[in-house]
Each structure stands twice: as C-alpha cells, then as structure tokens.
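Since the structure comes first, as structure tokens, the remarks are kept for the end.
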Amino acid sequence: MISPDSNLYKNIVTTWKTPGEQWLAQFPTHIKKIEALWNLEPIQPIDNLSFHFVGATKRRSDGLEVVIKTGCDIESLDRERQWLRHFNGVAAQVLESDKNLGVTMMERLVPGTTLKHSKQLDDDAQTLIIAEMIRELNSRSIISGAFKHLAELAKDLDVLEGAVDPRMLSKARGIFSELTFDRSQDRLLHGDLHHDNILKHKHSWKVIDPHGYIGDPTFEMAVMMYNPLDAYPVNRPLRKTLERRMSILNEYINFDMQRMKAWAFAAAMISTAWDYGDTKKLLGIPFLVAQELRS
Ligand SMILES: Nc1ncnc2c1ncn2[C@@H]1O[C@H](COP(=O)(O)OP(=O)(O)O)[C@@H](O)[C@H]1O
Ligand SMILES: [Mg+2]
C-alpha cells in the first residue's frame, strides 16, 4: 500500500532508517489492525503524503468520515495528539488514539484543501489567514512540560559547521540564546505553522500537524516565511515577499519587526540544517531566505 517509489516511502527510510524500514515492512498488517480496532471501512491513502501515513475512511458504526494518521515515531505522534487536544476547535479534533500502535483517529476536515492549494487566495490573503491562526493559537496557549523548548533546536545547527559562512552560524546561535533567555512570555507553539498545515474546514480553517515547542510567541511566524517549499511565490523578488509578509503580520498581530526578522532567519537556518543533514546540499528556499535575512 506504500509504494517504494513514493516520497512517503523514501522520506520514512531517510528519516528513521532501520526502524523506518521495519515499520514499512509490517505496514499492511498494521493497517488491518487499525481497521479492526475501530471497526473502520478499508482505509484509503490521501494524496501527496510526506512523513506519515494519512488515510481516509468511515466508521462502520455511524458512517462518520474520519482520517487516521500513523507513523513509526510513536512518541512524536503522542505529543502531536496532546497538542491537538489542547487546541481542540482551532485544530482538527482527535476522536480516538492508540499509543502502542502509534495511531490517531481524527475528524476529517472537509473539503480539507490546504492553504497552499487555495489558489484563489493570493499571498497577502494567505498570510492574513496565518496571522489569524497565530492570534487564535496564542490566545489559548499554555505551558506544558511534555514539549521541547525552542532553545533545544539550536544544537541542530551544528551540522552546518564548515558548510556555511561562520557568521551566519554564529548569528543564528546568537538569536537562539538571546530570544530564549527570558522565558516569562513563553507559550505552547505549533512550531511548524505553514501553508500545508492549515486546512479548509466548512467555512473556517483548522490547523494540523504540530511539532509542539515551548517558546517565544513570535517564533510562530517564522516557519511560514520560507514556505510553501514547493510553491513559493515567484512573481516578485524574495525580499519583497518577506517584507510584505512581515508587514501584514506586524499590522495584524503586532509582532515586532526586528524580532520577526531574527526568528525568520534562525528558523530558516534550522530548516537548512535539517536539509543539509539529509542531503549534504545547500539547496532550497530556507537557505535563500536565510541569506536574504542575514544582514
Ligand atoms: N484531519 C484531516 N482531515 C483531512 N485531511 C487531513 C487531515 N489530517 C491530515 N490530512 C491530509 O494529510 C496530509 C498529511 O498530514 P500531516 O498531518 O500534515 O502529515 P505529515 O506529518 O506527514 O506532514 C495533509 O496535508 C492533509 O492533506
Ligand atoms: Mg504536514
């Protein structure tokens, strides 16, 4: 059911190595267990999967349309569920879960179009929807010990040692230490808030797929600055897109311009480090964004 040629298959093997391969090998049995556990109709994979298997189905007992999300990293799926439950209403509703199987059953968002695929909305309109989402999340946030602090991300930069200009690296490290020192305003953050993780549901938008970090509220705008990775606006210079997005966020949620610029740079460097760790190449939008924001 997961083809070895698919992105999902390749990503799982690259990211989780042997445990990923083992998980893929037992996948057909795994899916059967999930269908039996909750008495579901056969689960149909959703298109364009990347790191987790997400499938749509119906609950036989009441015909409710649901999705199941499963993967080999059981702990991260567990944290994701805690996060989704805390933000229930703004986030897709968790209906059932099984920690041992590493699976979550969620309400199916309908039509479920991602913000990225909502082509009738231009970049400004999409940015405004993200701004509204950030405001909503920020107003309901708590602090919980189950989640990593943003400060812990800084060590992921180490892989870039010798690969990028050392000044970029020290700037990114400096931002992490400076902006994670005072923790008095910290919040529970989504941590991966961008156009692929915001889905249309009836007449509103709901969020999915959190990383879940504790930290400075302004960080929440940083990941969208280098997204969507595969559909970044090309109709104007990169700097214009970055400035325009920050000015909308500043107007709508009052985030400080310098702080946004700093976090956008640091987050782009983290994403660059993750890419470089996997590919040993400095390609892609995050690195371009980091270079644009370095001064
Ligand atoms: N509750 C949901 N309702 C409808 N579609 C969903 C739902 N959750 C996920 N999806 C679809 O599955 C895709 C992958 O889900 P996501 O949680 O982002 O996985 P990953 O962790 O691999 O990025 C989403 O882009 C979306 O299209
Ligand atoms: Mg996702």
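The values are calculated or read from the model by the stated rules, or taken from the named source; none is laboratory data. From a predicted model like this one, the values you see are computed outputs, not experimental measurements. So basically every Cβ, Gly included, is an ideal-geometry build from the backbone, and we count neighbours across all protein chains shown.
Key figures for this structure:
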{"quantity": "Failed item in (1) closer than 30 Å to Ser144 by Cα; (2) in contact (Cβ under 8 Å) with a residue 40 or more places away in the chain; (3) away from ligand 2 (no atom under 16 Å from the Cβ), with Asn11 passing the rest", "calculated": "(3)"}
{"quantity": "Ala146 touching a helix residue (DSSP H, G or I) at 6+ places or on another chain (Cβ under 7 Å) and either at pLDDT below 95 or basic (Lys, Arg) (or both)", "calculated": "yes"}
{"quantity": "Residue list for segment 36-89, filter: part of a loop (DSSP other than H, G, I, E, B), surrounded by fewer than 17 Cβ atoms within 10 Å (Cβ to Cβ) and within 16 Å of ligand 2 (Cβ to nearest atom)", "calculated": "Ile46, Asp47, Asn48, Ser50"}
{"quantity": "Any hit, segment 3-24, residues being out of contact with any Asp or Glu (no Cβ under 9 Å at 6 or more places or on another chain), assigned to a strand (DSSP E or B) and within 13 Å of ligand 1 (Cβ to nearest atom)", "calculated": "no"}
{"quantity": "Some residue of segment 148-161 being under 15 Å from Thr127 (Cβ atoms) and either among the β-branched types (Val, Ile, Thr) or crowded, with 20+ Cβ neighbours inside 10 Å (or both)", "calculated": "no"}
{"quantity": "Selection within segment 191-216 - crowded, with 20+ Cβ neighbours inside 10 Å and farther than 16 Å from Leu115 by Cα", "calculated": "Gly191, Gly212, Tyr213, Ile214, Gly215, Asp216"}
{"quantity": "Criterion: among the small types (Gly, Ala, Ser) and closer than 30 Å to Phe181 by Cβ - qualifying residue of Ala231, Ala273", "calculated": "Ala273"}
{"quantity": "Selected residue (only one of Asp230, Asp216, Asp278, Asp256 is acidic (Asp, Glu) and within 16 Å of ligand 2 (Cβ to nearest atom))", "calculated": "Asp230"}
{"quantity": "Among the residues listed as Asp256, Asp182, Asp275, Asp216, the single one being within 16 Å of ligand 1 (Cβ to nearest atom) and within 19 Å of Leu150 (Cα to Cα)", "calculated": "Asp275"}
{"quantity": "Residue count for segment 181-213, restricted to those that are in a loop (DSSP other than H, G, I, E, B), away from ligand 2 (no atom under 16 Å from the Cβ) and within 20 Å of Glu152 (Cβ to Cβ)", "calculated": "6"}
{"quantity": "Subset of segment 280-295 (residues that are assigned to a loop (DSSP other than H, G, I, E, B) and among the aliphatic types (A, V, I, L, M))", "calculated": "Leu282, Leu283"}
{"quantity": "Residue match in segment 247-258 (condition: within 21 Å of Arg173 (Cα to Cα), more than 16 Å from the chain's Cα centre (by Cα) and part of a helix (DSSP H, G or I))", "calculated": "yes"}
